[in-house]
Amino acid sequence: MLPNKPRGVRRVNDRRVLNGIFWVLRSGAPWRDLPAAFGPRTTCYNRIVRWRRAGVWDQIMDALAAGHDPAVQMIDTSVVRVHQHGACIADNNQQDMGRSRGGLTSKIHAVVDSNGLPVHLALTQGEAHDNRLCSALLSALLPQTMLLADRGYDADWIRELARQQGAWANIPPKRNRKDPICFSPYLYRAQLDRTVLQQDQAVSACRDPIRQTRGQLSGIRQARINPHLVAG
């Protein structure tokens, strides 16, 4: 999936460049602090920018998401504060930032598989409703898929959207719902407990590196280059 130029100057090793890009995105360090082992910093920077414009990162994300477990999918949102360096582009209406009680915020809408790995991601303003992007994010549900969500997604049109695609929306009903629905609390809790356990194990494995780099992350500006990579 990576672009290849057969002519001209010999191409720098893609693996080394990718490792340099991931090092910067994970550590939050500026490009000028990139270790020499990853090659010239200008090469890493130019490739991440050019590949973003060419849609290479989106193609890689779609290819990885295509290998997810289709048996269970879960949708939820998370509100994040906008960093002071993230709102410095004037007259830009595509930043997905909204002003709420906590200041400037963005909301991440995510669909994940049974292992907690992302399948679809989208951004809206922080004050947007949780189910605002359900039509787009849930448009590719496979037949016989169980969709899990919290009570905020208990809407007849969401259940109908899942039913039309041959999936089953196992969503707990709201307290004011009067119409009977098909809901299994056992399957709902069992799958959520399994996913939370896997995520806790992953977080525990990288907790120490996160603590070590927390001070460096305060000035991160990489979201201006590719917010999806930073979120991943």
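Points worth noting:
- Neighbours by Cβ (under 7 Å, 6+ apart or cross-chain): first from region 105-121, outside the structural domain of LEU147 (by TED's automatic domain parsing); second in a loop (DSSP other than H, G, I, E, B): none
- Checking the stated criteria, LEU138 turns out to be within 17 Å of LEU121 (Cα to Cα), assigned by TED's automatic domain parsing to the domain that holds HIS120 and at pLDDT 85 or above.
- Note on region 127-176: among residues that are among the hydroxyl-bearing types (Ser, Thr, Tyr) and over 28 Å from ARG81 (Cβ atoms), the one that is surrounded by the fewest Cβ atoms within 10 Å (Cβ to Cβ) is SER139.
- Those strands (runs of 3 or more DSSP E) lying entirely in region 1-120 with at least 2 residues surrounded by 15 or more Cβ atoms within 10 Å (Cβ to Cβ) and at pLDDT 85 or above: 72-81, 103-113
- Selection from region 59-81 of residues that are touching a residue at least 60 places away in the same chain (Cβ under 8 Å) and closer than 27 Å to ASN19 by Cα: MET61, ALA63
The values are calculated or read from the model by the stated rules, or taken from the named source; none is laboratory data. What you see is a predicted model, and the numbers here were worked out from it, not measured in a lab. In this analysis, Cβ positions are derived from the backbone assuming ideal geometry, glycine residues included, and neighbour counts consider all displayed protein chains.
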